[in-house]
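For reference, the structure is listed below as structure tokens.
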Amino acid sequence: MPETPRPGQERFVASIEETPLRDIDVVDTTAAPESQWAEAWKRLRGRGLFWVSAVLLLGVIVMIAVPGLFTSKDPTMCDITLSLAGPAEGSPLGYNLQGCDVWSRTVYGARASVSVGIFTVLIVATIGSITGAVAGFYGGWIDSVVSRISDIFFSIPLLLAAIVMLSVVNNLFPERTFWTGVASVVLALSLFAWPQITRQMRGAVLSVKNLEFVDAAKAIGASNRRNLIKHVVPNSMAPVIVTSMISLGVFIVAEATLSFLGIGLPRQEVVSWGNDIADAQVLVRSGENLDVMFIPATALALTVLAFILLGDAVRDALDPKAKK
Amino acid sequence: MTETRAGAVYGNNEQPLLELKNLQVGFRDGKTLIPAVNGVNLTLYPGQVVAIVGESGSGKSTTAHAIIDLLPGTGEVTGGEILFDGKKISGANRKQILALRGSSIGLVPQDPMTNLNPLWRVGTQIKEVLTVNGIAKGKAADQRVVELLTEAGLPDAEMRARQYPHEFSGGMRQRALIAMGLAARPKLLIADEPTSALDVTVQKQILDHLDTMIDDLGFAVLLITHDLGLAAERADHLVVMYRGNVVESGPALEILQDPQHPYTQRLVSAAPSLASQRLTSAARAHVREQATEAAQENLPGTQEFGQGRDLIVEVENLTKKFETQGGRPWAKEYFTAVDNISFGLPRGTTTAIVGESGSGKSTVARMVLDLLEPTEGVVRFDGVDIRSIKGKEEQLAFRRQIQPVFQNPYASLDPLSSIFDSIAEPLVVHKIGDRASQEARVRELLDKVSLPASVMPRYPHELSGGQRQRVAIARALALEPSVVICDEAVSALDVLVQSQILSLLNDLQSELGLSYLFITHDLAVVRQIADDVVVMQSGKLVEHASVAETFDSPREEYTRKLLDAIPGGSIKLG
């Protein structure tokens, strides 16, 4: 039934010159090959937030590695006659209650505080990833056992548990050096912080292990172990990396809290921000010389902020869609 | 139905309802503007169905979204005009567009699973449309909701309105969305791939019902679809889009029977529902002979299996039950996914397992691949019960013989492995050759699937869906298997790419003497690739016959229903 088409609906054929045909499904080889990690790095590089945190962290790292670069004073050489003296030649920020140089103590304090954060995160991420990956991948009774144990640890408040642990340890081993002091805080925090990573890793593994490429590897004949290590774990790491970076800041805060309470790092042997804040707390009541407290507190806050910003930037880079 | 509809409105309404004049849409990426639609002209009259057809990335959805100003964040109309009912609506302010949405232009979105709020009753969501557009309130609105759901073809509408989306099947949700789109009696309904996520039989029901609603209510429809057959069957006027341009438009049948633009010609010849013939390769006739001969030669590595049987895979009384959570913690209930299925795959041929979602077809595939343990029954590979294969070496020898190609091209390759690593992995696992010979083999395999060797260092996200599927095929062939299980291997691909992959699979079958078990929901594809068909419905085998028998004289009612539901199946090409 040939009908006359209505206005605007006449037969139209575009000229082939204006709408040339492309070959079906050609491989685009214009851009250089890039892995997802490389692409994530590219996105990360493009974010201002990343650079802000990177500069801050770089400063902290240099402080830890070569504190002598920033100050020539020894933070433990204190002169009580200089107690709360104001800024002077060679002492830009003045002296604290014990007559120690505030700037020098802040520079040297980075080492203990950041060490606690880094070591705790390394231990927590390792234990958490392994337990979470194994529980999620193998399932069954292994999953039940790991999940219940992690639930038990998860139900205990981190700080409360660390306080109890550390007061016991401090009573048993009253003599502590820098490193045993750091180690005891790291272990106390690690012992109760790993379940968070375990849960996250388990969740990520559960979603990845049902993807078709895992089945394809099984069909090839790849062993469970190969599958787990080669395919499942690398594809489940992104959330763990982000959480680790953010919790690094949290652990630094936890160390400061414990030291503030007097059961964290040994006060005599270790220079740390938490200890300095604790020392300065008497000044808060008098309301004078508050800068003695604010300076280590600001250093702490900036470092924690830097790690949290870095975590945020990395998350956006690893999962660009989540931001939209 | 095409004639009656056209006849009913012909001549009375000469004013077009919707006109797109040289519409251009672009997406902003930083400072650069990436054009997505380059000058679309389209005219739609009241009561008409106009379809925009194109593959993914052709700009068809972008065009539709531009009409109701629903472009995603960075998109904007960069030129041309949109006229609705004679009034210019492009560049209209937010308030004017909001006034149009729902009341004058309704939208039925693509994915019925994500487009209903799971926390709201279905009735409440439709009622919202009525209240927002000021059509009815309170009791009157509730009453209207029930009428609308009934109209959309939902039985027991009063009860259904009080239910939540999770209590609805996919088809029911789409009916609810159609009811919602039509709630305010718009003059135009934009349906963006309204049935792509649904099974074919449900798709047919819904579209048939939509047709009767159009006749009763007289609204116009702008149908966006990738399926040329469906478009031709349902629309009066077709607009074919390709890479942001309209390449051809005109009366639906005319375009189908006499496509002028080379792209349309390609589409018409590739559309599986329209082509409908077994793809043939020159060597096709000899495939079975070759395969049988090859098997009898006792190739190294096939020794355990190389008995040269006629049926390379035999499935006997296969049953799979999954445990589900019962009403009480200690009460176990079972869901039978596969129910006592038996069939055989003759060497060198293709058997397709066809069924709708939930029919158990993929579960069968997983059991044949020994990725899932059957509850009852046996899978025999060349006479050997695959569950009886013990020992690492024997297991690996079995794995070498049977390989999968999965559905989702975005999930079937490890996103962190390079293409080389993905294809070489089977060789590494089976310790075949050194690095140099592995690389040579990967090159050879890429060549077989028509990909350049330059993709080796690339990563899956740098390739298109079709290219990834080629890589998956190359990986499956790396171990020189005799059976390849394709689980919906082409379902996610655009029709042209799909037809390319199908002919690739077919050529490889001839060349390598492969046997395929081809799992699909698409009967139209079956006709192109398969020799035998197993039709499954809710875990049971409905019919097992040759392709010719199934298509020409289906024995079972269900098979007939499936065949009828193929979109465009009834259209005769001139």
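The values are calculated or read from the model by the stated rules, or taken from the named source; none is laboratory data. The model shown is predicted, which means the values in this text are computed figures rather than measured ones. Quick reminder, even Gly has a Cβ in these numbers, built from the backbone with ideal geometry, and neighbours come from all protein chains shown.
Points worth noting:
- Within segment A:62-75, residues that are assigned to a helix (DSSP H, G or I) sit with their Cβ atoms under 9 Å from residues that are among the aromatic types (Phe, Trp, Tyr), at 6+ positions apart or across chains, in these pairs: A:Val62/A:Phe70; A:Met63/A:Phe70; A:Met63/A:Tyr108; A:Pro67/A:Tyr108.
- Meets criteria (part of a loop (DSSP other than H, G, I, E, B) and touching a Phe, Trp or Tyr at 6+ places or on another chain (Cβ under 9 Å)) for B:Ala489: yes
- In segment B:184-260, counting only strands (runs of 3 or more DSSP E) that sit wholly within it, the ones holding 3 or more residues that are within 14 Å of chain A (Cβ to nearest Cβ) and modelled with pLDDT of 90 or more span B:237-242, B:245-251.
- Residues in segment B:310-344 that are touching a residue at least 24 places away in the same chain (Cβ under 8 Å) and part of a loop (DSSP other than H, G, I, E, B): B:Asp310 only.
Each row is one residue, and each column tells you yes or no for (1) in contact (Cβ under 8 Å) with a residue 60 or more places away in the chain; (2) surrounded by 11 or more Cβ atoms within 10 Å (Cβ to Cβ); (3) facing chain B (nearest Cβ under 8 Å); (4) under 37 Å from the mean Cα position of the chain (by Cα).
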position	(1), (2), (3), (4)
A:Thr19	no, yes, yes, no
A:Val27	no, yes, yes, no
A:Ala31	no, no, yes, yes
A:Trp41	yes, yes, no, yes
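- Candidate set: segment B:112-145, residues that are closer than 17 Å to B:Ile178 by Cβ and touching a Gly at 6+ places or on another chain (Cβ under 8 Å); chosen: the one surrounded by the fewest Cβ atoms within 10 Å (Cβ to Cβ): B:Met113
- Those residues of segment A:1-46 which are part of a loop (DSSP other than H, G, I, E, B) and aliphatic (A, V, I, L, M), in sequence order: A:Met1, A:Ala14, A:Ile16, A:Leu21, A:Ile24, A:Val26, A:Val27, A:Ala31, A:Ala32
- Out of B:Ile423, B:Ile419, B:Ile341, sole residue that is among the β-branched types (Val, Ile, Thr), buried (at least 21 other Cβ atoms within 10 Å of the Cβ) and in contact with a Ser or Thr (Cβ under 9 Å, 6 or more places away or on another chain): B:Ile341
- For A:Leu189, the requirement of being of a type outside the set (Phe, Trp, Tyr), in contact with a Gly (Cβ under 8 Å, 6 or more places away or on another chain) and surrounded by 20 or more Cβ atoms within 10 Å (Cβ to Cβ) is not met.
- Condition met for B:Leu504 (more than 27 Å from A:Gln36 (Cα to Cα), aliphatic (A, V, I, L, M) and within 9 Å of chain A (Cβ to nearest Cβ)): no
- Within segment B:442-466, considering residues that are surrounded by fewer than 18 Cβ atoms within 10 Å (Cβ to Cβ) and among the charged types (D, E, K, R), the one nearest to B:Thr520 (Cα to Cα): B:Lys448
- Candidates B:Thr264, B:Thr280, filtered to the one that is β-branched (Val, Ile, Thr) and modelled with pLDDT of 90 or more: B:Thr264
- Residue that is farthest from the other protein chains (Cβ to nearest Cβ) [pool: residues in segment A:200-223 that are of a type in the set (Gly, Ala, Ser) and outside any helix (DSSP H, G or I)]: A:Ser223
- Among the residues of this structure, A:Ile241 counts as one that is of a type in the set (Val, Ile, Thr) and within 14 Å of another protein chain (Cβ to nearest Cβ).
- A:Trp103 being more than 18 Å from A:Arg267 (Cβ to Cβ) and in a helix (DSSP H, G or I): yes
- Residues of segment B:407-425 that turn out to be within 27 Å of the chain's Cα centre (by Cα) and part of a helix (DSSP H, G or I), as a count: 3
- Restricted to helices (runs of 4 or more DSSP H) entirely inside segment A:224-324, those with at least 3 residues that are at pLDDT 90 or above and out of contact with any His (no Cβ under 7 Å at 6 or more places or on another chain) are A:233-260, A:291-318.
- The lone exception for B:Gly433 - which of (1) loosely packed, with under 15 Cβ neighbours inside 10 Å; (2) within 11 Å of chain A (Cβ to nearest Cβ); (3) not in a helix (DSSP H, G or I) it fails: (2)
- Test: residue in segment B:21-29 that is more than 10 Å from chain A (Cβ to nearest Cβ), modelled with pLDDT under 90 and under 21 Å from B:Leu207 (Cβ atoms): no
- Hits in segment B:237-273 (condition: touching a residue at least 60 places away in the same chain (Cβ under 8 Å), buried (at least 22 other Cβ atoms within 10 Å of the Cβ) and out of contact with any Ser or Thr (no Cβ under 6 Å at 6 or more places or on another chain)): B:His237, B:Leu238, B:Gly244, B:Val246, B:Ser249, B:Ala252, B:Leu256, B:Leu267, B:Ala271, B:Pro272, B:Ser273
- Here A:Glu10 clears all of (1) closer than 30 Å to B:Glu14 by Cβ; (2) touching a helix residue (DSSP H, G or I) at 6+ places or on another chain (Cβ under 6 Å) except the condition numbered (2).
- Just so you know, in segment B:387-398 the residues that are surrounded by 12 or more Cβ atoms within 10 Å (Cβ to Cβ) and closer than 15 Å to A:Ile220 by Cα include one that is farthest from the chain's Cα centre (by Cα), and it is B:Glu394.
- Residues that are within 7 Å of chain B (Cβ to nearest Cβ) and under 60 Å from the mean Cα position of the chain (by Cα), drawn from segment A:1-17: A:Val13, A:Ala14, A:Ile16
One line per residue, one yes/no per condition, for (1) small (Gly, Ala, Ser); (2) within 28 Å of the chain's Cα centre (by Cα); (3) under 30 Å from B:Ala270 (Cα atoms):
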| residue | (1), (2), (3) |
| --- | --- |
| B:Lys139 | no, no, no |
| B:Val146 | no, no, no |
| B:Thr201 | no, yes, yes |
| B:Gln205 | no, yes, yes |
| B:Asp208 | no, yes, yes |
| B:Gly218 | yes, no, no |
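- In segment B:387-407, residue nearest to B:Ala472 (Cα to Cα) [restricted to those that are modelled with pLDDT of 90 or more and more than 12 Å from chain A (Cβ to nearest Cβ)]: B:Arg387
- Yes/no for B:Gln509 being modelled with pLDDT under 95, under 22 Å from the mean Cα position of the chain (by Cα) and not aliphatic (A, V, I, L, M): no
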